[in-house]
Structure formats: C-alpha cells, structure tokens
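Chemist: Quick one: the structure is below, questions incoming.
The values are calculated or read from the model by the stated rules, or taken from the named source; none is laboratory data. Bear in mind that the values here come from a model prediction, so they are computed numbers and not experimental data. FYI the Cβ positions are ideal-geometry reconstructions off the backbone, even for glycines, and counts take in every protein chain you see. Calculation scope for accessible area: heavy atoms of the full protein, side chains included, ligands and nucleic acids excluded. Shrake-Rupley method; radii C 1.70, N 1.55, O 1.52, S 1.80 Å.
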Amino acid sequence: MKNWRRLFEIVRFPIEVLFVAFILTGVGNVLTNNIFGIVYLIDNDYVKMIAEICMKSGQFVIVNFPLLFLIRLVARKNGSSVTIISALLGYIAFLATTMLVTRGDLTSTSYSSILGMNLSKSSIVSYSGVTRYPLQTGMLGIGVIAFGTLFAFHLTKNRDEYGLFSFVSKEVSCAMKVVIYSILIGVVFSFVWPYVIAVIDKLISFIAVDTTNPVNLTLYGCLDSLLSTLNLGTLIRSPFWYGMNGGSWIGMAGTVSTGDVSVWAAQIAADSVSGQAGRFITPYYILNLFAMPGLIWGMYSMETNPLNRPKMRMLCILATIVSILFGTMLPLELMLLFLAPLLFLAHIACTGILFGSLQAFHIYLGFNSTEVSTMTALPGTLPELITYISNSTFHTTILFMMIVGAVVLLLYFFMTRFYFNALSVDLFRTGDKDRLVKGALKALGGIENIKALESNCFALTVAVYEPEKMDMARLKRLGATRVVEIKTGFQIYFGSTSTLIRNEINKERRNIEN
C-alpha cells in the first residue's frame, strides 16, 4: 500500500491532464454536434474552428492517455530525458512487435492503430494483402514497458565504464536495452494476450445470450467500468454499441441498424423509438449527473482545513459542472483506482448493479450520436438529456431516472465518506492502523507537540510547537510520499489514509484532555 500511495502521487498529473482533455472534448462536442443545435446558432467560422481544435486535441489525449502515464512513470529527477526517450522508443518497438508477431485471427477490437502505426505492405508472404495493427493492451502494456525502462536505466547507471562496449554512451546503452526488453515483452504479450482476449470474448458471448437478463447486464456494467479504466473499453463496448450483440433494427426504408447506439440513433431519426434500445447507455446518465457529483462532494466533505476549503470548493464546482455537461468518469475512475482501490471496486459493483436494475425496470434512454469511437464518445450528459425532455415518450423514463439518481448521489456521497473515515486502512483488522497511528505520533514528536491537525483525501496538515522534534525519515518509512513545509505547518501526503490518521490522533488528543 505504501508503494501504491507513491504511485498515485506519480500519476496524479496525467489524471489532471486527462480531466482537461475531457473539458476540451466536451466543449468542442457541444459547439459542433448537430444534435444539440448550438452549431446552427453560431455563424462564425473562427468559433467553429476553435471548437474543432479543442475537440480534436482532447480526443487525441483521451485515446492515447496511457502514453501520458508512461512518460510520467519513467520520469526521474536525474536522467529524465534518457528514460523518457528510451521509454518512447521501447513502446514503439513493443507495438511493432505485437503488430508482427501476434496471430491475425483475433477479434478486430483486439487491435488498434496506436499512434497511426499499421502494416499494409510487407515482404513477408503470409502478411501480404492484409493490413495489420498493434495489439491493444491499454494500461497493462504501458505498465510493463515502464518497469522495463526503469530496470534498464538502473542497470545502465551502474555500468562499468571500462567494459567491452565502453565506447557506447550510457544514454544510448539504456535506450538499446529498453528496445531489446520491449521486443521481448512484445513477444510475450503476442502469445499471452490472445488468452486474455479469449476470456473476454467468452464473457461477451455469455452476456449476449440474453441481454434482457438483469444479471447479464450487471456483468456487462462491471466489465465496462473495469476495462474502460484500463483503456480497454473498446473490447466490450464495440460489440454491444455497434455490433450484433447489441441488437438490430430494420427501418421503414429497409435499412438495417446494428448495435445499441446505432439502433437508438436510427429510431430517434425515424421518430419511432420502441423495443429496448438504449439499455447499454442509460446508466451513464445517472453516473455522470448524480454518482460522480456525489463522489466529488463526498471527497470535498473530507477537507477539514478552513483555508483550503474555498479552493477545494471551486475545484469541486468545476468538476461537477464538467461531469454533468461532458462526463468525467474516466479521470475520476483512474483517481479512485490509484488513490482508493477498495472504493474503486465498490464503484464497479455499483455500476454493475445500476445496469442490472435499470434493465429490470425496463428503463431505457440511449445515445444519439454518429461518433463511432467508443473511447471518445460522451454518452449520458445533460445536453443530450435536454433534447429528450420535450418528447412525452420519455417523461416517465426521465422521472424514474431522476429518482434513482438522487438515491445514487446520496449513496456515493456517504460511501465515499465511510471509506475515508473507516476503511482506508486495515480492512481485515491486522493491526496496521494502530501501528500507523502510533508511528505517526512518534514521527510528529508526540501528541504534546501537535498544535493543530487537519486533513483531506490526499494529505495530512499538521502544525507543531517544535518542528525540530519531527522525524521526517520515519514519516517516509510509514508511507508518506512527500512532506512539504507550508505557512500553517507541514503537509504530509499519506494519501487515502490521511483522514483516518487525523481522526485517530484527534481521538487520542481528546482522551488526554478529558
């Protein structure tokens, strides 16, 4: 858990960049999407051009966000340029290897033209006439490449200057090692990853047998949430959003639409919404409009420092607006994954239950979009919901969703508070909480040295009488990723355990006072 907390501090910046990317994409989408009608009110090519720039920039970051994590994971205070360039070279070698070595009979969603890489012409006879693409391994592939890069950098740093290849600089040697490691990693993934795909395909087939079964939709919701967080959402979304697994519909003109999203868009265009189209999209409205705001304000309620609350409040207001207008599930899910893994698992379970429950009550509200990329699509937002309000067909559905949404908002709010107050440390009663609290007290110079103590979801803020009594090394050993001196004292980054540590120390202080 100490290493996991350190990992959150490392990836925090890429998550924030991803949040900005969703803002850019959302603004561009609202201004240019014909469905919302705003594009018809804007008769200015410069505004439209800016909107397109925002949307394309944001979409590029969203599609390639694992690359941001790779760069941040390998960045080091000394030698950052070496590790970053080496990691990029390694990642390219990894993609090229999976493109050439992986067998070509996997489902089409298993491959992706990452960074535009593909092979349409080859001197290899068996590859001629067939365009090949790298494997889509998402965050998992990135994680292994990052580890290989850091391992190679460590070896190179300790290299003997008088060896056989001493004429090769350490920087070039590191890059060469990373490329070799990445090729080997690519070969391993090429043989192992098809088994992962086979498991996912079996789960998809199980769900597709009966998509009217709430249990099947519950499983879909859990898988969708997990895989999309790992940048693998296309594996499960494409078959149901745009494939036969999501159903089909024949229009009056005889045109056939396949996939939940395609069917919904066709029925809306024909003003003939019927059947059960939209079942794979409906929960997104509740998640974006209610669940994520509940999570955001639950985390805000953990901020006890009155000096930080105004700044935190403005950030939460912005995040809530973005979630409602554009959707911010991916950045928030990634934040939960690295900050509070148990809360992330609870979110996955709640998402699955929401999919199953809405199916059980036959509540459907789809996604009217021509966007074919499941990674950059923004389903379940307020602007689209508004387009359905004037249609009396959807009034009962929307009312039901508002009631369920209010319940979900409260659930996420109190679930978040309960996690940070009670479950962030020592879920299985191993004694870790007591050892952590006692260690923190010793490191802070004892309970009598503490003047004031505040906390939020990320850090502990402490004011002490005698700073020289603090043991910074002990704090680091206890799992603090950073200790920063500020105007009001010291900010100690204990991650999700910060609130619980504060609560326990304040309990000890009250006991002494009484």
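Chemist: Might you check whether a residue that is exposed (fewer than 15 other Cβ atoms within 10 Å of the Cβ), at negative phi and part of a loop (DSSP other than H, G, I, E, B) occurs anywhere in the stretch 506-514?
Modeler: Within the stretch 506-514 (the criterion being exposed (fewer than 15 other Cβ atoms within 10 Å of the Cβ), at negative phi and part of a loop (DSSP other than H, G, I, E, B)), the answer is yes, since at least one residue qualifies.
Chemist: Kindly establish whether residue 256 is in contact with a strand residue (DSSP E or B) (Cβ under 7 Å, 6 or more places away or on another chain), hydrophobic (A, V, I, L, M, F, W, C) and closer than 13 Å to residue 279 by Cα. Lay out the reasoning, then the answer.
Modeler: On the way: in contact with a strand residue (DSSP E or B) (Cβ under 7 Å, 6 or more places away or on another chain): yes; hydrophobic (A, V, I, L, M, F, W, C): yes; closer than 13 Å to residue 279 by Cα: no.
No.
Chemist: Scan (1) of a type in the set (A, V, I, L, M, F, W, C); (2) in contact with a helix residue (DSSP H, G or I) (Cβ under 9 Å, 6 or more places away or on another chain); (3) over 28 Å from residue 341 (Cβ atoms) for the single condition residue 41 breaks and write down its number.
Modeler: (2) is the only condition that residue 41 fails.
Chemist: Continuing with this model, one more query. When only residues in the stretch 457-479 that are closer than 20 Å to residue 308 by Cα and of a type outside the set (Phe, Trp, Tyr) count, which is nearest to the chain's Cα centre (by Cα)?
Modeler: Here is the first cut: in the stretch 457-479, the residues closer than 20 Å to residue 308 by Cα are 457-464.
Still in the list and also of a type outside the set (Phe, Trp, Tyr): 457, 459-464.
Numbers: 457: 18, 459: 21, 460: 25, 461: 28, 462: 31, 463: 34, 464: 37 Å.
Of everything passing the filter in the stretch 457-479, 457 is nearest to the chain's Cα centre (by Cα).
Chemist: If residue 297 satisfies all but one of (1) open to solvent by 50 Å² or more (accessible area, probe 1.4 Å); (2) assigned to a helix (DSSP H, G or I); (3) free of Cβ contacts under 8 Å to residues at least 12 places away in the same chain, what's the number of the condition it fails?
Modeler: Failing condition for residue 297: (3).
Chemist: Any residue that is surrounded by fewer than 20 Cβ atoms within 10 Å (Cβ to Cβ), of a type outside the set (A, V, I, L, M, F, W, C) and without any contact (Cβ under 8 Å) to a residue 40 or more places away in the chain - is there at least one of those in the stretch 318-335?
Modeler: Yes, there is a match, as at least one residue in the stretch 318-335 is surrounded by fewer than 20 Cβ atoms within 10 Å (Cβ to Cβ), of a type outside the set (A, V, I, L, M, F, W, C) and without any contact (Cβ under 8 Å) to a residue 40 or more places away in the chain.
Chemist: Looking at 378, 337, can you tell me which residue is within 17 Å of residue 36 (Cα to Cα), modelled with pLDDT under 95 and of a type in the set (A, V, I, L, M, F, W, C)? Give the derivation first.
Modeler: Working: 337 fails: within 17 Å of residue 36 (Cα to Cα).
The unique qualifying residue is 378.
Chemist: Something else about it: Are any residues in the stretch 29-48 free of Cβ contacts under 8 Å to residues at least 60 places away in the same chain, in a helix (DSSP H, G or I) and in contact with a Leu (Cβ under 9 Å, 6 or more places away or on another chain), and if so, which ones?
Modeler: 38, 39, 47, 48
A quick yes/no check of all residues on (1) of a type outside the set (D, E, K, R); (2) assigned to a helix (DSSP H, G or I); (3) modelled with pLDDT of 80 or more; (4) open to solvent by 50 Å² or more (accessible area, probe 1.4 Å):
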{"residue": "5", "(1), (2), (3), (4)": "no, yes, no, no"}
{"residue": "15", "(1), (2), (3), (4)": "yes, yes, yes, no"}
{"residue": "20", "(1), (2), (3), (4)": "yes, yes, yes, yes"}
{"residue": "24", "(1), (2), (3), (4)": "yes, yes, yes, yes"}
{"residue": "27", "(1), (2), (3), (4)": "yes, yes, yes, yes"}
{"residue": "50", "(1), (2), (3), (4)": "yes, yes, yes, yes"}
{"residue": "54", "(1), (2), (3), (4)": "yes, yes, yes, no"}
{"residue": "73", "(1), (2), (3), (4)": "yes, yes, yes, no"}
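Chemist: Can you find even one residue in the stretch 165-186 that is in contact (Cβ under 8 Å) with a residue 40 or more places away in the chain, farther than 22 Å from residue 113 by Cβ and among the polar types (S, T, N, Q)?
Modeler: No, there is no match, as no residue in the stretch 165-186 is in contact (Cβ under 8 Å) with a residue 40 or more places away in the chain, farther than 22 Å from residue 113 by Cβ and among the polar types (S, T, N, Q).
Chemist: Still on this model: Please identify the pairs in which a residue from the stretch 470-483 that is without any contact (Cβ under 8 Å) to a residue 12 or more places away in the chain has its Cβ atom under 6 Å from the Cβ atom of a residue that is surrounded by fewer than 14 Cβ atoms within 10 Å (Cβ to Cβ), counting only partners at least 6 apart or on another chain.
Modeler: 483/472
Chemist: Could you tell me which residue of the stretch 102-121 is farthest from residue 138 (Cα to Cα), considering only residues that are in contact with a strand residue (DSSP E or B) (Cβ under 9 Å, 6 or more places away or on another chain) and open to solvent by 40 Å² or more (accessible area, probe 1.4 Å)?
Modeler: 120
Chemist: Identify, please: which residue in the stretch 381-431 is small (Gly, Ala, Ser) and outside any helix (DSSP H, G or I) and is, among those, modelled with the lowest pLDDT? Let's see the steps before the verdict.
Modeler: Applying the first criterion (small (Gly, Ala, Ser)) to the stretch 381-431 yields 390, 392, 405-406, 422, 424, 431.
With outside any helix (DSSP H, G or I) added as a condition, the list becomes 390, 424, 431.
Working: 390: 86, 424: 78, 431: 60.
This residue is 431.
Chemist: Something else about it: What tally of residues in the stretch 371-416 results from selecting those that are of a type outside the set (Ser, Thr, Tyr) and open to solvent by 30 Å² or more (accessible area, probe 1.4 Å)? Even if it seems obvious, please write down each step before you answer.
Modeler: Narrowing the stretch 371-416 to residues of a type outside the set (Ser, Thr, Tyr): 371-372, 375, 377-380, 382-386, 389, 391, 394-395, 398-411, 413-415.
Right, trim to open to solvent by 30 Å² or more (accessible area, probe 1.4 Å) and you get 371-372, 375, 382, 386, 389, 391, 395, 399-400, 402-404, 406-407, 409-411, 413-415.
Of the residues in the stretch 371-416, 21 are of a type outside the set (Ser, Thr, Tyr) and open to solvent by 30 Å² or more (accessible area, probe 1.4 Å).
Chemist: Might you check whether a residue that is over 30 Å from residue 236 (Cβ atoms), among the aromatic types (Phe, Trp, Tyr) and modelled with pLDDT of 90 or more occurs anywhere in the stretch 153-162? Spell out how you get there, then give the answer.
Modeler: Quick first cut of the stretch 153-162, residues over 30 Å from residue 236 (Cβ atoms) only: 153-162.
If we keep only those that are among the aromatic types (Phe, Trp, Tyr) too, we end up with 153, 162.
Okay, now just the ones that are also modelled with pLDDT of 90 or more, so none.
Among the residues of the stretch 153-162, not one is over 30 Å from residue 236 (Cβ atoms), among the aromatic types (Phe, Trp, Tyr) and modelled with pLDDT of 90 or more, which makes the answer no.
Chemist: Something else about it: If you go through the stretch 251-268, how many residues are outside any helix (DSSP H, G or I) and open to solvent by 40 Å² or more (accessible area, probe 1.4 Å)? Steps first, please.
Modeler: We begin by selecting, within the stretch 251-268, every residue outside any helix (DSSP H, G or I); these are 251-259.
Applying the additional criterion that residues be open to solvent by 40 Å² or more (accessible area, probe 1.4 Å) yields 252-256, 258.
Of the residues in the stretch 251-268, 6 are outside any helix (DSSP H, G or I) and open to solvent by 40 Å² or more (accessible area, probe 1.4 Å).
Chemist: Moving on. Among 485, 454, which is part of a strand (DSSP E or B), closer than 19 Å to residue 309 by Cβ and either open to solvent by 80 Å² or more (accessible area, probe 1.4 Å) or of a type in the set (Asp, Glu) (or both)? Lay out the reasoning, then the answer.
Modeler: Working: 485 fails: closer than 19 Å to residue 309 by Cβ.
Just one listed residue meets the conditions, 454.
Chemist: Further question on the same structure: Going by the conditions given, is residue 272 among the hydroxyl-bearing types (Ser, Thr, Tyr) and either under 20 Å from residue 219 (Cβ atoms) or not in a loop (DSSP other than H, G, I, E, B) (or both)?
Modeler: No; evaluated as a whole, the condition is false for this residue.
Chemist: Continuing with this model, one more query. Take the residues in the stretch 75-96 that are small (Gly, Ala, Ser) and crowded, with 19+ Cβ neighbours inside 10 Å; name whichever of them is nearest to residue 21 (Cα to Cα). Steps first, please.
Modeler: Taking the stretch 75-96 as the starting set, the residues that turn out to be small (Gly, Ala, Ser) are 75, 79-81, 86-87, 90, 93, 96.
From what is left, the residues that are crowded, with 19+ Cβ neighbours inside 10 Å are 86-87, 90, 93.
Values: 86: 26, 87: 23, 90: 25, 93: 27 Å.
That would be 87.
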